[in-house]
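A.B. asks: One structure, pasted below without further comment.
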Amino acid sequence: MTKTLEGKVAVITGASRNIGKHVAAEMINRGAKVVIGDILDAEGEATIKEFNEKAGTKVAAYIHTDVTKYEDNKALFALAEKEFGGVDIAFLNAGIGSNANTMFLPFNDSLDDRMLDINTTAVVKGSKVAILYMAKRGGGVIVNTASVAGFLCSPAVGIYTASKHGVVGWTRSNAIFEHVCGVRMNAVCPYWVETELAGDLGNNVHQDPFATMVANSPRTKVETVVEAVLTLVEDKSRNALPGNVIRAQEPIAVYPEILNENSKAVSDTYIQETIPYYKKRLAEALEREGI
Ligand SMILES: NC(=O)c1ccc[n+]([C@@H]2O[C@H](COP(=O)([O-])OP(=O)(O)OC[C@H]3O[C@@H](n4cnc5c(N)ncnc54)[C@H](O)[C@@H]3O)[C@@H](O)[C@H]2O)c1
């Protein structure tokens, strides 16, 4: 195995098990150090023990992280800097699949908010912390775990679909940061992978006609997801691409198909002016956060 990630440090959320853990293992195989943040502490500690024992040296660390909290995200990235010297890669992968359809359940604020908090808002929070750490390091790459539900849809998993569309929208909106501070942001969009989360999504629809669809749908091998994530990390031409489907223009066009003559005239200027504007905002944020 070529050590393509030698000297790199990765922060990975939701990596106590399944997709996140497999990606962490492959990054270590390729020479990276990894810091895992999750709420499953026993599994997380066991995972890093396994990685460190296999490597015969410290290649992984774990910290309890509720990704919905800024403080936890900050502590996660700070640990990576303390243990391994900085952060080059963030795989923001934590997510849930339970209660993916609340349409006719009793009205309940926390039930509706929870999936968007964990699957979408936490990716926003993690990305914002990651950008500061990576800007300080001179650049880096963020991969967010979306899903095919990030661009396809089904009424049976409506709020999960909304949450993953949100991840894709957030990711595509941030292509500009490659030009501001050398940070690329991508999203990976897997189909069904056999994990506890897929089971939660499946159970959610067990009395729904969609259950027949789930049972008869093809599965994605976890190795395929791992390869996709590593491609998005290592291929420097990838920025703001969910899978290999959408290529962002350089710098990012602003909806050229719906611009009128006036907005067309200012569109390019707007993008060009946004880059130095963000550089200034970034410098202020780094100072404010003490990063
Ligand atoms: N399994 C699939 O079919 C499938 C398909 C497409 C996308 N995905 C996405 O892949 C990602 C990983 O899922 P998985 O299939 O490996 O399932 P999983 O349930 O094994 O992994 C999710 C991980 O996220 C962690 N997590 C949940 N809430 C958290 C929180 N608040 N803070 C920190 N960690 C938290 C869990 O503890 C778990 O370790 C998820 O974002 C999921 O939506 C999964």
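Rule-based calculations on the coordinates, nothing more; no lab input. Every value quoted in this text rests on a predicted model; they were computed, and no experiment measured them. Note: ideal-geometry Cβ built from the backbone for every residue, glycine included; neighbour counts use all protein chains shown.
A.B. asks: Placing +1 on the Cβ of each Lys and Arg and -1 on the Cβ of each Asp and Glu in the chain, which of VAL222, THR212, ALA42 has its Cα farthest towards the positive end of the resulting dipole?
C.D. replies: Final value for the positive-end residue is VAL222.
A.B. asks: For the stretch 126-188, state which chymotrypsin sites (Phe, Trp or Tyr not before Pro) are in a DSSP loop and have at most 11 other beta carbons lying within 10 Å of their beta carbon.
C.D. replies: When the chymotrypsin sites (Phe, Trp or Tyr not before Pro) of the stretch 126-188 are filtered for loop state and at most 11 Cβ neighbours within 10 Å, nothing remains.
A.B. asks: Can you give the relative contact order of the chain as a percent, counting alpha carbon pairs under 8 Å and 6+ residues apart?
C.D. replies: 16 percent
A.B. asks: Additional query: Check the straight Cα-Cα distances from LYS74 and name the aspartates and glutamates below 12 Å, setting aside those fewer than 8 residues away within the same chain.
C.D. replies: ASP66, GLU289
A.B. asks: While we're on this one: Relative contact order, percent, of the stretch 1-148 when contacts are C-alpha pairs under 8 Å separated by at least 6 residues?
C.D. replies: 25 percent
A.B. asks: Skipping prolines and chain starts, which residues have an amide H placed within reach, meaning under 5 Å, of the one on VAL193, given they are 5 or more residues away or on another chain?
C.D. replies: THR220
A.B. asks: Give LYS8/LYS128; LYS3/LYS128; LYS33/LYS164; LYS58/LYS221; LYS33/LYS236 a once-over and call out the pairs whose C-alpha atoms are over 23 Å from each other. The partial results should precede the final answer.
C.D. replies: On the way: LYS8/LYS128 20 Å; LYS3/LYS128 28 Å; LYS33/LYS164 28 Å; LYS58/LYS221 29 Å; LYS33/LYS236 20 Å.
Cα-Cα > 23 Å for LYS3/LYS128; LYS33/LYS164; LYS58/LYS221; rest within.
A.B. asks: Obtain the nm distance between the two label points defined at GLU53 and TYR270 by a simple spin-label model: each point lies 7 Å from its Cα along the Cα-to-C-beta direction.
C.D. replies: 5.6 nm
A.B. asks: Compactness ratio of the chain: Cα Rg over 2.2 N^0.38 Å, N = residue count? Walk me through the numbers before you get to the answer.
C.D. replies: Working: Rg = 19.3 Å, N = 291, 2.2 N^0.38 = 19.0 Å.
That ratio works out to 1.01.
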